[in-house]
1. List, please: which pairs have Cβ atoms under 6 Å, are six or more places apart or on different chains, and start with a residue in region 101-114 that is more than 17 Å from G171 (Cβ to Cβ) and end with one that is assigned to a helix (DSSP H, G or I) and hydrophobic (A, V, I, L, M, F, W, C)?
2. Kindly list the number of the only condition in (1) assigned by TED's automatic domain parsing to the domain that holds N164; (2) in contact with a helix residue (DSSP H, G or I) (Cβ under 8 Å, 6 or more places away or on another chain); (3) among the polar types (S, T, N, Q) that fails for N135.
3. Restricting to region 61-76, name every residue that is loosely packed, with under 10 Cβ neighbours inside 10 Å and in contact with a helix residue (DSSP H, G or I) (Cβ under 8 Å, 6 or more places away or on another chain).
4. Tell me, yes or no, whether region 47-65 has at least one residue that is at negative phi, assigned to a helix (DSSP H, G or I) and at pLDDT below 95.
5. Among the candidates E229, E182, single out the residue that is within 30 Å of G38 (Cβ to Cβ) and either surrounded by fewer than 19 Cβ atoms within 10 Å (Cβ to Cβ) or modelled with pLDDT of 95 or more (or both).
6. Looking at this structure, is G175 assigned to a strand (DSSP E or B), on the phi > 0 side of the Ramachandran plot and either surrounded by 15 or more Cβ atoms within 10 Å (Cβ to Cβ) or free of Cβ contacts under 8 Å to residues at least 24 places away in the same chain (or both)?
7. If you scan region 71-115, which residues turn out to be under 24 Å from the mean Cα position of the chain (by Cα), not aliphatic (A, V, I, L, M) and not in a helix (DSSP H, G or I)?
8. Tell me, yes or no, whether region 88-98 has at least one residue that is more than 14 Å from L10 (Cβ to Cβ), surrounded by fewer than 23 Cβ atoms within 10 Å (Cβ to Cβ) and without any contact (Cβ under 8 Å) to a residue 60 or more places away in the chain.
Amino acid sequence: MQVKEIYNWLDAYAPFAGQERWDNSGLLVGSMEQEVHGILLTLDISSDAVEEAARKHCDLLLAHHPVIFDPLRQLTPTHPVYGLVQHGMAAICSHTPLDRAAEGVNNTLLELLRPALELEESGQMLEEGFGMAVNSHRCWDAAQLAVALKQCLDCTVVRYAAGNKPIRRIGFACGSGGSMLEEAIRAGCDAFITGDVKHDRWYAARSAGIALFDCGHYHLEVPVMRRLEQAMGQAFPELPVFYAETNRDPVQYQF
């Protein structure tokens, strides 16, 4: 099997043509004609992930975050791309296409949160599918919601700021979605869940009276990799597909 067959499958799953202009999704390392004998799935391509792929005899790494994003001004042994080239591996990255795919990052999170937060079946898209706003069947306070999120997402910690009203309508955006706070407010959300919340966003939320939750970039996005593992296992039953053991939260906490 060649890289192009996996690429075409992923392109149908989460079309690369729909990526944002600033994004860098697609085949970033290697050739479409390369033979593939195993695939390693990981949220991020780190040097550790490359070495794990080598141990497992994988020729292709499939990641959410682009391994090449900012201009690559030098290529040294500490950069993951150096290891990919050294081992003759290919890398496909699906960032914004996977964010808003029908079975992508945000919809996977919605399915995970729905039973835990007692969410309704239908919701409203935020920013063309980069987030959602959904009503809950119950009324929450911020502390209750923080506990539910921590348990559901298996987070080490949930940072939050309580709003000034009961929480019934909940918005969320995977990854770094702080810039979508105002859209969540316009959508009538009582709470907004995302990751990588910057300092000014906490004050913006306080001024608007909306509760804001930071569950961490990793914990919000990693569930989709398990979904991809299952989908690719069904699509390519003859091909070993591995979920990376090195795919862990890179942040540690001292309490």
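The values are calculated or read from the model by the stated rules, or taken from the named source; none is laboratory data. Only a predicted model underlies this, so the values are computations on that prediction, with no experimental measurement involved. Counting neighbours? That spans all protein chains shown, and the Cβs are built from the backbone with ideal geometry, glycine included.
1. G104/L98
2. Of the numbered conditions (1) assigned by TED's automatic domain parsing to the domain that holds N164; (2) in contact with a helix residue (DSSP H, G or I) (Cβ under 8 Å, 6 or more places away or on another chain); (3) among the polar types (S, T, N, Q), the odd one out for N135 is (2).
3. T76
4. No; the residues of region 47-65 include none that is at negative phi, assigned to a helix (DSSP H, G or I) and at pLDDT below 95.
5. E229
6. Taking the combined requirement at face value, the residue satisfies it.
7. Those that are under 24 Å from the mean Cα position of the chain (by Cα), not aliphatic (A, V, I, L, M) and not in a helix (DSSP H, G or I): P71, H79, C93, S94, H95, R100, E103, G104.
8. Taking every residue of region 88-98 in turn, at least one turns out to be more than 14 Å from L10 (Cβ to Cβ), surrounded by fewer than 23 Cβ atoms within 10 Å (Cβ to Cβ) and without any contact (Cβ under 8 Å) to a residue 60 or more places away in the chain.
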